[in-house]
Structure formats: structure tokens, C-alpha cells
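Structure, as C-alpha cells:
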Amino acid sequence: MTKRVAILISGGGSNMVSLVDEMTGDHPARPVLVLSNRADAGGLEKAKARGIPTAVVDHRPFGSDRPAFEDALNHVLDQARPDILCLAGFMRVLTEGFVTRWQGKMLNIHPSLLPKYKGLHTHQRAIDAGDAEAGCSVHEVTAELDGGQVLGQVRVPIAADDTADSLAAKVLVQEHRLYPLILRRFAEGVTTRIDLT
Ligand code: GRF
């Protein structure tokens, strides 16, 4: 049974594009929705150009009422009936209620070697700490921010002259390799960890 995938974005959507472009042929999943909390997210146009249905649920009118925002998200999601949610640069912290609703069906890509550097500014923190390498991780989403089981990682050496931006660009290339592979495995029911070289 082909798995239905909804992808949640807030920005440019390069990870969304890498996921969508991989879901062809014998891939066990297909994209059914790209959902954003920002109407100006560049990824929405990229999704439309690929014929993927899109929707926007703006978080701002809900202010600090996250459950109400998430009810609106779920209302849109329920119409698309996804089996899997992929967070791809979705910049809203989700409550335990939402995470429990989608427990075991939700993935996220994070630009660090989890459990190191949960949260924001991961590349600058790795550089400031004098780390030799950075990277990215795909993990299952739990109520603990960036805390779920890691399903895959890629390591990226940090060069002496790297800035947060140059490092982010190198890591993003690896994100586009890792996330589609982990989604394929996840859609096939495989949750054992894989580290790419
Ligand atoms: C990526 O680096 C991702 O790891 C992080 O946000 C960025 C989103 O980039 N969570 P894009 O919108 O997929 O291009």
C-alpha cells in the first residue's frame, strides 16, 4: 500500500523538493500535501510547480494559542489523510498533544549531529565549540524538541575557514541525500539507524 506523505514547511523548501522528487517509480510513498505556516514560504511555489496540493495555516492569528493553531493544522491534514508527516524546515515548536496525535508517523530533519546542538544556530555553535565535524540528522518527532530516535546521520568536516553560512550550505547538500533515503526506509517500515559517509 503506497504511503501518503504530507510535508510541513516554513521556508524555501529545498528539503521538501528533494523528498518530492524522490517519491517516484518504485518509491513506497507519494506526496499528497505541502503545508506551510507562512504564505510567503518559497517552497509553496516549488510544490505547485510539481503538481503537489498546497495549503497555508498562518500561525500568527492564533498568537500563543498553540493548540488552536494545531487544531487548524489537523483540520487540513485530516482532509489529506497522510500516513506520514515530514517536517522540512517547519519552524513551529509542536505541543505534546499534536506529537501524540501523530506519534510514530512524524519525521524531522535537523542540521546537527544529534543529540548535539538541539534547537537553533547549530552551525555557529559547532564552530564556536571548535568541533572537527558537523552534520545533519533525521529523527522521529517526540514531545522533546529534537529529541526523538535518530534514524540517520551524515557527518560533514568543518574547515578552518568555515562560517556558519558556508557550513550550512555544505550540510544542506547532505540533508538532501539523507532525508529521501530515510523517508523511503521509514515508509517501508524500517526504523534501524543508518549513517551515510
Ligand atoms: C534545513 O537546514 C533544515 O535542516 C532546517 O531548516 C532548513 C530548511 O531548509 N530545519 P529548506 O527550507 O528545506 O531549504
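The values are calculated or read from the model by the stated rules, or taken from the named source; none is laboratory data. Only a predicted model underlies this, so the values are computations on that prediction, with no experimental measurement involved. Neighbour counts run over all protein chains shown; Cβ positions are idealised from the backbone, glycine included. Remember, those area values only see protein heavy atoms, side chains included, never the ligands or the DNA or RNA. Shrake-Rupley method; radii C 1.70, N 1.55, O 1.52, S 1.80 Å.
Is it the case that residue 161 is outside any helix (DSSP H, G or I), among the charged types (D, E, K, R), at pLDDT 95 or above and surrounded by fewer than 14 Cβ atoms within 10 Å (Cβ to Cβ)? So residue 161 fits the description; yes.
Quick one: count up the residues across segment 112-136 that are of a type outside the set (Ser, Thr, Tyr) and open to solvent by 40 Å² or more (accessible area, probe 1.4 Å).
Going through segment 112-136, the residues of a type outside the set (Ser, Thr, Tyr) turn out to be 113-116, 118-121, 123-136.
Remaining after also requiring open to solvent by 40 Å² or more (accessible area, probe 1.4 Å): 115-116, 118, 120-121, 124-125, 127-130, 132-133.
Count: 13.
Just so you know, in segment 83-93 the residues that are of a type in the set (A, V, I, L, M) and open to solvent by 20 Å² or more (accessible area, probe 1.4 Å) include one that is farthest from the ligand (Cβ to nearest atom), and it is 93. Among residues of segment 27-49 that are over 15 Å from residue 8 (Cβ atoms), those with a Cβ under 7 angstrom from a residue that is surrounded by fewer than 19 Cβ atoms within 10 Å (Cβ to Cβ) and basic (Lys, Arg), sequence gap 6+ or separate chain, pair up as 27/184; 28/184; 30/4. Filtered by the rule that a residue be buried (at least 24 other Cβ atoms within 10 Å of the Cβ) and within 11 Å of the ligand (Cβ to nearest atom), segment 1-33 gives 7, 8, 9, 15, 16, 19. When we screen 175, 140 for residues that are crowded, with 17+ Cβ neighbours inside 10 Å, within 11 Å of the ligand (Cβ to nearest atom), of a type in the set (Asp, Glu) and within 13 Å of the chain's Cα centre (by Cα), the only hit is 175. Residues that are open to solvent by less than 10 Å² (accessible area, probe 1.4 Å) and either away from the ligand (no atom under 15 Å from the Cβ) or not hydrophobic (A, V, I, L, M, F, W, C) (or both) occur at least once in segment 42-59.
Applying the set (1) aliphatic (A, V, I, L, M); (2) within 16 Å of the ligand (Cβ to nearest atom); (3) open to solvent by less than 30 Å² (accessible area, probe 1.4 Å) to residue 80 leaves exactly one unmet item: (2). State whether the residues of segment 97-104 include one that is open to solvent by less than 20 Å² (accessible area, probe 1.4 Å) and either among the aliphatic types (A, V, I, L, M) or more than 20 Å from residue 38 (Cα to Cα) (or both). Checked segment 97-104: at least one residue is open to solvent by less than 20 Å² (accessible area, probe 1.4 Å) and either among the aliphatic types (A, V, I, L, M) or more than 20 Å from residue 38 (Cα to Cα) (or both).
Check 101, 60 and return the single one that is basic (Lys, Arg) and either within 21 Å of residue 182 (Cβ to Cβ) or more than 18 Å from the chain's Cα centre (by Cα) (or both). The match here is 60.
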